[in-house]
Every structure is written in C-alpha cells, then in structure tokens.
1. Looking at segment 115-132, which of the residues that are at pLDDT below 90 and aliphatic (A, V, I, L, M) is farthest from the chain's Cα centre (by Cα)?
2. Picking from Thr54, Thr70, which residue would you name as being free of Cβ contacts under 8 Å to residues at least 40 places away in the same chain and either more than 20 Å from Phe170 (Cβ to Cβ) or not hydroxyl-bearing (Ser, Thr, Tyr) (or both)?
3. Give just the number: which of (1) surrounded by 15 or more Cβ atoms within 10 Å (Cβ to Cβ); (2) small (Gly, Ala, Ser); (3) touching a Leu at 6+ places or on another chain (Cβ under 8 Å) does Ala148 not satisfy?
4. Considering segment 148-183 alone, what residues qualify as being within 26 Å of Ala90 (Cβ to Cβ) and touching a helix residue (DSSP H, G or I) at 6+ places or on another chain (Cβ under 9 Å)?
5. Out of segment 37-60, which residues are in a helix (DSSP H, G or I), more than 27 Å from Thr142 (Cβ to Cβ) and modelled with pLDDT under 85?
6. Looking only at segment 152-183, how many residues end up being over 20 Å from Ser106 (Cβ atoms), without any contact (Cβ under 8 Å) to a residue 40 or more places away in the chain and not hydrophobic (A, V, I, L, M, F, W, C)?
Amino acid sequence: MRRERDLGTPLGKKTGEVLQSGGLVSDKIIIELIEDWLRLHGGHGFVFDGFPRTLRQAESLMSILARLRTALDLAIWLEVSEQTVKNRIAGRLQCSECGFTTSSSSAQFAERAVCPYCDGPLVRRSDDDLSVLQTRLQEFRTKTEPLASFYGKMSILHRIDGNRDRESVFGDISRLIEDKVAA
C-alpha cells in the first residue's frame, strides 16, 4: 500500500490518507488486491504478512481459496506487548528509496543512516508518531484480535512470542513453515 502511495498510483492516492492517519485500508480494496495476486501467482506456497486484518478479509480469503481449490494451512499470530510495539515504532527507520526497514538502535545504522541495499537515506516514516500508533492499536484491538479466534477454531493458528529478538522469532516462524512444507 505504501509503495502504491509513493508511486502516486490511483490506488495509492485512495489509500494514502487512511495510512497516514493510522487507519486500515478498506476491506474491499485489500481483498481485490489479494485476489488479483492469487490469480496471478497461484494459490500454493504463499505467505501474507499483515493480511488478513479483519474478519471480513479472512472470510473473503477463505472464499477465494475455495474457488482456487486450495487450503490455508497455517496462520501465525505474533503476540507482542503494546510497550514492545511502541519501542519498535519509536526506533523504526525505513529507506525512502527501496522500503528496507531497520531500527535506529542497530549498531550498523547508528552512525550513518544509509540503506545497505540501495544507498538511499534511512528515515522515520511520517506515520510513526504516538497519535497514529494509538489509532493503529485501537484498530488492532477491535478489528484484528478477533482473527485469533477465527483461525483457532480452524485449528491452524500458531502463536509465537514476538517480544523476543528477531532471530528467535524468525527461527520459530521458519520452523513452522518448514514443517508444513515437509508434511
């Protein structure tokens, strides 16, 4: 979404204001993007990060996958405290050229905030402020938290402690995916 906004596409213009204020882009737009992506790339061997975020999106995804005759094997829920979220957002840096994201606490970027991939400047996102974060957290509590129950009832939900260091969290996620691929 942010890439679309930065490119100035019609979709990006529609979603830019919503993203800036911390709200969620409409289910309709997100579902259309996901359905187009699945038709283009196929319904096997994919990982979505940050989708679905609402029950309507989850239900629509299940309908799309049923039409494609594929199943959803795994839903990963990263459990992260609000304090951890606040700390991570406060230190987040993003490349204004390619979108690479890192932390200002990373020793590698403490002295020179330059992207290691494209040499673009690493900057704070304009929507990374406290008021926007409060809106995001409220949206999460009301719209996203119900997904844990939705996927839990399907017996595909796996919870991971996301408060730990990124290597530990990544290792747990990788093992879950590898176990599903091997099965």
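The values are calculated or read from the model by the stated rules, or taken from the named source; none is laboratory data. For clarity, every value in this text was computed on a predicted model and none was experimentally measured. Ideal geometry is used to build each Cβ from the backbone, glycine not excepted, and the neighbour counts take in all protein chains shown.
1. Restricting to residues being at pLDDT below 90 and aliphatic (A, V, I, L, M), the top hit is Leu130.
2. Working: Thr54 fails: free of Cβ contacts under 8 Å to residues at least 40 places away in the same chain.
That would be Thr70, the only listed residue that is free of Cβ contacts under 8 Å to residues at least 40 places away in the same chain and either more than 20 Å from Phe170 (Cβ to Cβ) or not hydroxyl-bearing (Ser, Thr, Tyr) (or both).
3. All conditions pass for Ala148, except number (1).
4. Listed by number, the residues that qualify are Arg159, Ile160, Asp161, Gly162, Asn163, Arg164.
5. Answer for segment 37-60, where residues must be in a helix (DSSP H, G or I), more than 27 Å from Thr142 (Cβ to Cβ) and modelled with pLDDT under 85: just Leu40.
6. Of the residues in that region, 8 qualify.
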